[in-house]
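Notes follow once the structure below has been shown.
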Amino acid sequence: MPELVFFSGTMDCGKSTLALQIQHNRSARGLQGMIYTRDDREGEGKLSSRLGLATEAIEVADDLDFYTHVVQALTAGGRVDYVIADEAQFLTPPQIDQLARVVDDLEVDVFTFGITTDFRSKLFPGSQRLVELADRVEVLQVEALCWCGARATHNARTVGGQMVVEGAQVVVGDVNRPGSEVGYEVLCRRHHRRRMTAARARAAALSPDVLPVD
Ligand SMILES: Nc1ncnc2c1ncn2[C@@H]1O[C@H](COP(=O)(O)OP(=O)(O)O)[C@@H](O)[C@H]1O
Ligand SMILES: Cc1cn([C@H]2C[C@H](O)[C@@H](COP(=O)(O)O)O2)c(=O)[nH]c1=O
């Protein structure tokens, strides 16, 4: 039975790596997939992993209709055995409905990959629709860790090194980029709530004026 699967997790937990592995294993067996992404850090039309692997992908815009796109590929004589959509948090809710229709009406497996919540711990609209519609929501086995060693469950945004809780929902960026103006850091819920990034925890530990938080 074909499925709509949502592989979700924080930033930097291996989602794109898994997407590339699924693509590799299927294409090694002669299956043909449509690979989509939106706003990958490495640039337009790329699905990239921090492990250094990347593949070409179809760049999705708001007006791309997944169902029509896959039907067009089939009508043109192509084979579509599966669909992969990375950075699925950036897709619109109607696009997630179109992906569900690809599964149900075309009987094609659809694997989506994305973060569930933004830097304010609010659901991305695309992720919300995936949680509502997916046959399965899978949390990745490799845990990203908070600086305290606990499992990281939340994504923090930093601007000029300070954690922020206001701003645009979408700002493409990366973790572990100390030099960049906007950065991200994965944290456990406790430290996300306290806005305690690794840098702030280090500063607090060094300061004689601040009581330890943990
Ligand atoms: N130098 C490295 N050596 C081993 N593993 C690494 C290295 N750099 C990154 N990784 C692994 O890659 C993961 C990030 O993979 P990626 O697919 O880019 O994440 P996501 O798509 O979820 O943001 C990290 O959690 C880590 O497990
Ligand atoms: C938390 C958060 C993240 N983003 C962006 C930052 C990255 O470009 C992607 C996530 O990519 P990854 O492969 O999962 O690391 O999302 C954003 O725009 N807004 C946010 O709140």
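A few points about this structure:
- In summary, residue 53 fulfils each of the numbered conditions (1) away from ligand 1 (no atom under 12 Å from the Cβ); (2) open to solvent by 70 Å² or more (accessible area, probe 1.4 Å) with the single exception of condition (1).
- Selection within region 15-50 - open to solvent by 40 Å² or more (accessible area, probe 1.4 Å), assigned to a helix (DSSP H, G or I) and within 16 Å of ligand 1 (Cβ to nearest atom): 18, 21, 23, 24, 25
- In region 3-18, the residues that are in contact with a Leu (Cβ under 8 Å, 6 or more places away or on another chain) and more than 10 Å from ligand 2 (Cβ to nearest atom): 4, 6, 7, 18
- The criterion of being under 30 Å from residue 102 (Cα atoms), assigned to a loop (DSSP other than H, G, I, E, B) and over 14 Å from the mean Cα position of the chain (by Cα) holds for residue 141.
- Reported count of residues in region 192-214, each being modelled with pLDDT of 90 or more and not basic (Lys, Arg), is 7.
- Of the residues examined, residue 7 is not one that is in the same structural domain as residue 119 (by the TED database), out of contact with any strand residue (DSSP E or B) (no Cβ under 6 Å at 6 or more places or on another chain) and among the aromatic types (Phe, Trp, Tyr).
- Residues of region 148-165 satisfying the condition of being under 12 Å from residue 188 (Cβ atoms) and part of a loop (DSSP other than H, G, I, E, B): 148, 149, 150, 152, 153
The values are calculated or read from the model by the stated rules, or taken from the named source; none is laboratory data. Quantities reported herein were computed from a predicted structural model and do not represent experimental measurements. Heads up, the Cβs are rebuilt from the backbone with ideal geometry, glycines too, and the neighbour counts pull from every protein chain shown. In case anyone asks, the SASA skips ligands and DNA or RNA and just uses the protein heavy atoms, side chains included. Shrake-Rupley method; radii C 1.70, N 1.55, O 1.52, S 1.80 Å.
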